[in-house]
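Reviewing the structure listed below.
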Amino acid sequence: MTPHIRQVVLDTTDARALAEFYRELFGLTYRPGDEPPPEGEPDHNGGDWLVLRNDDGVQLAFQQVDDLPRSTWPESGIPQQLHLDTTVPDVDALVAARDHALALGATLLHDRSDDPEEPLYVFGDPMGHPFCVFVG
């Protein structure tokens, strides 16, 4: 018997905002009951724990914390601690993924899009968690 990875959990000081970023970035859906409440109503789950479902992969969960030092990678200081690797089929899709991530509030940390063997971008999400998009 071996365990199976159920989900990757990201600590964040704003669970709803980070969940929304990844929901839009990857086209994920909320676990029933975790959806944002109607406008003007309190967001009870958004300040604690949220789960996004991924029909063809591992779920993402978001855990509210009071304080989270932002990664300073690629500089020294505070390491990545965790990062997500994602793939797209070709360079055109890589450029489209870059534009989409930046429009949603990601920060470009490293551009290796001209690498002939493995073109990629490294981004920081709005909380500073690094994630990669590469052709694979």
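The values are calculated or read from the model by the stated rules, or taken from the named source; none is laboratory data. In this text, all values refer to a predicted model and were calculated from it rather than measured experimentally. Please note: Cβ atoms are built from the backbone with ideal geometry, for glycine as well, and neighbour counts cover all protein chains shown. Note: accessible area is taken over every heavy atom of the protein model, side chains too, but ligands, DNA and RNA are not part of it. Shrake-Rupley method; radii C 1.70, N 1.55, O 1.52, S 1.80 Å.
Placing a pseudo-label 7 Å from each Cα along the Cα-to-Cβ vector at Val65 and Arg6 gives an inter-label distance of 2.0 nm. Relative to the longest principal axis of the Cα atoms of the chain, the long axis of helix 15-26 makes an angle of roughly 40 degrees. For Tyr30, the amide hydrogen comes within under 5 Å of the amide hydrogens of Arg53, counting only partners 5 or more places away or on other chains and with H modelled in the peptide plane. For mean projected area of the Cα convex hull in nm², the candidate list reads [x] 8.4; [y] 10.3; [z] 7.5; the entry that matches the value derived from this model is [y]. The Cβ shell under 13 Å around Leu102 holds other residues with a net charge of -3, Lys and Arg each +1, Asp and Glu each -1. A 1.4 Å probe, protein heavy atoms only, puts the accessible area of His83 near 80 Å². Between beta-carbons, use under 10 Å as the cut-off and find the net charge around Tyr121, counting Lys and Arg +1, Asp and Glu -1. Cβ neighbours under 10 Å give a net charge of +1.
Within the assembled protein chains, the solvent-accessible surface assigned to Asp67 is about 120 Å², based on a 1.4 Å probe.
Here r is the Cβ-Cβ distance between Phe26 and Asp48 and R0 is 35 Å; the resulting FRET efficiency, rounded to 0.05, is 0.95. Using a Gaussian network model of the chain in which every pair of alpha carbons under 10 angstrom is joined by a spring, one finds that among Ala93, Ala106, Ala19 the greatest mean-square fluctuation is at Ala93. Specify the inter-centroid distance of region 1-74 and region 104-121, based on alpha-carbon positions, in whole Å. First find each Cα centre; the distance between them is then 24 Å. Around the Cα centre of the chain, unit charges on the Cβ atoms of Lys, Arg, Asp and Glu (plus for the first two, minus for the last two) sum to a dipole of about 300 debye. I'd like the orientation of helix 91-103 relative to the chain: the angle between its Cα long axis and the longest Cα principal axis, in ° from 0 to 90, rounded to 10. Approximately 40 degrees, to the nearest ten.
Among residues other than Asp14 whose Cβ falls under 14 Å from its Cβ, what is the net charge (Lys/Arg +1, Asp/Glu -1)?
Values: positive: Arg16, Arg23, Arg70; negative: Asp11, Glu20, Asp43, Asp48, Asp66, Asp67, Asp125.
So the surrounding residues net to -4.
When the helices of the chain are scored as -39500 (n - 2.57) per DSSP H run of n ≥ 4 and the total is divided over every residue, the value at 222 nm lands at -6000 deg cm²/dmol.
Assuming R0 = 25 Å, what is the FRET efficiency of Ala17 and Asp111, from their Cβ-Cβ distance, to the nearest 0.05?
After rounding to 0.05, the efficiency reads 0.50.
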